[in-house]
1. Does any residue of the range 113-122 turn out to be modelled with pLDDT of 70 or more, part of a helix (DSSP H, G or I), under 30 Å from A82 (Cα atoms) and not aliphatic (A, V, I, L, M)?
2. Step by step: first the residues of the range 58-93, then only those that are loosely packed, with under 10 Cβ neighbours inside 10 Å and among the hydrophobic types (A, V, I, L, M, F, W, C), then the one that is nearest to K109 (Cα to Cα). Which residue is that?
3. Note down all Cβ pairs under 9 Å where the first residue falls in the range 135-159 and is within 16 Å of T98 (Cα to Cα) and modelled with pLDDT under 80, the second is outside any helix (DSSP H, G or I) and of a type in the set (A, V, I, L, M, F, W, C), and they're at least six residues apart or on different chains.
4. What number goes with the only condition from (1) among the aliphatic types (A, V, I, L, M); (2) at pLDDT 90 or above; (3) under 30 Å from L139 (Cβ atoms) that A92 does not pass?
5. Going through T98, T84 one at a time, which residue ends up being free of Cβ contacts under 8 Å to residues at least 40 places away in the same chain and part of a helix (DSSP H, G or I)?
6. Give P16, P63 a once-over and let me know the one that is farther than 30 Å from G126 by Cβ and assigned to a loop (DSSP other than H, G, I, E, B).
7. I'd like to know if the range 103-122 contains one or more residues that are on the phi > 0 side of the Ramachandran plot and exposed (fewer than 12 other Cβ atoms within 10 Å of the Cβ).
Amino acid sequence: MSDINPAPAPAPAPAPAPPEPLPLHMDERFKKVVADKNALAAQIETLQSELVKRDERIASLEPAANALTQALEQEKAGRLAAETRFGRFTSAASHGITDPDLVEFAESKWAKLPDDGRPAFGDWLGALKAKPEEAPTPLRLAWSVETVAKPATPAPPTPNAGVVGVATGGEFKAGDIAKMTPEQYVAWKKANGLR
């Protein structure tokens, strides 16, 4: 059977007491902390937007930076190739080959040598010049033309040949004219038959 006297219902919980108002100095401190927090939140938001803009600018500059980097690399490679070519030309010139076509021919023959043990270009040309019978025909011909006796060039004429000396009217030293007065100079010119 059921109980006739049911258990009493629990008493309702007392309502929480309203919070006590903060003392005046605490209230001002709380407001300052909240204001500082809001200012920092605004500053963070501003910095984040600036960071996004900066990232966008960097992304827009990357293609230009890549193009400049590629151009610089191409310039370096071109300069290195020109320096190498000039070095080979001067090596060839030191061995008597100055014709650009012959230098190019020699470079192509040298480039066909195996990479392992390939001598320097100038050393290779020097070895061929020492044993011209082993040199390719164009190089051999260039060296044979170099050894043909060139006609002797006559000595240039002396610059004073055929010049008639000027009578000085006695001993004359450098600087004498500079010491003369205009009247003395005119008299000296007349005495030496000069106009």
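The values are calculated or read from the model by the stated rules, or taken from the named source; none is laboratory data. It should be emphasised that the depicted structure is a prediction, and the values quoted were computed from it without experimental measurement. All Cβ positions, glycine included, derive from the backbone under ideal geometry; neighbour counts span all protein chains shown.
1. Yes - at least one qualifying residue is present in the range 113-122.
2. A64
3. E146/I97
4. Of the numbered conditions (1) among the aliphatic types (A, V, I, L, M); (2) at pLDDT 90 or above; (3) under 30 Å from L139 (Cβ atoms), the odd one out for A92 is (2).
5. T84 is the lone residue from the list that is free of Cβ contacts under 8 Å to residues at least 40 places away in the same chain and part of a helix (DSSP H, G or I).
6. On the way: P63 fails: assigned to a loop (DSSP other than H, G, I, E, B).
From the options P16, P63, the qualifying one is P16.
7. So far as the range 103-122 goes, yes, one or more of its residues are on the phi > 0 side of the Ramachandran plot and exposed (fewer than 12 other Cβ atoms within 10 Å of the Cβ).
Each row is one residue, and each column tells you yes or no for (1) more than 28 Å from the chain's Cα centre (by Cα); (2) within 22 Å of E134 (Cα to Cα); (3) of a type outside the set (K, R).
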position: S49; (1), (2), (3): yes, no, yes
position: D55; (1), (2), (3): yes, no, yes
position: S60; (1), (2), (3): no, no, yes
position: P63; (1), (2), (3): no, no, yes
position: A71; (1), (2), (3): no, no, yes
position: I97; (1), (2), (3): yes, yes, yes
position: K112; (1), (2), (3): yes, yes, no
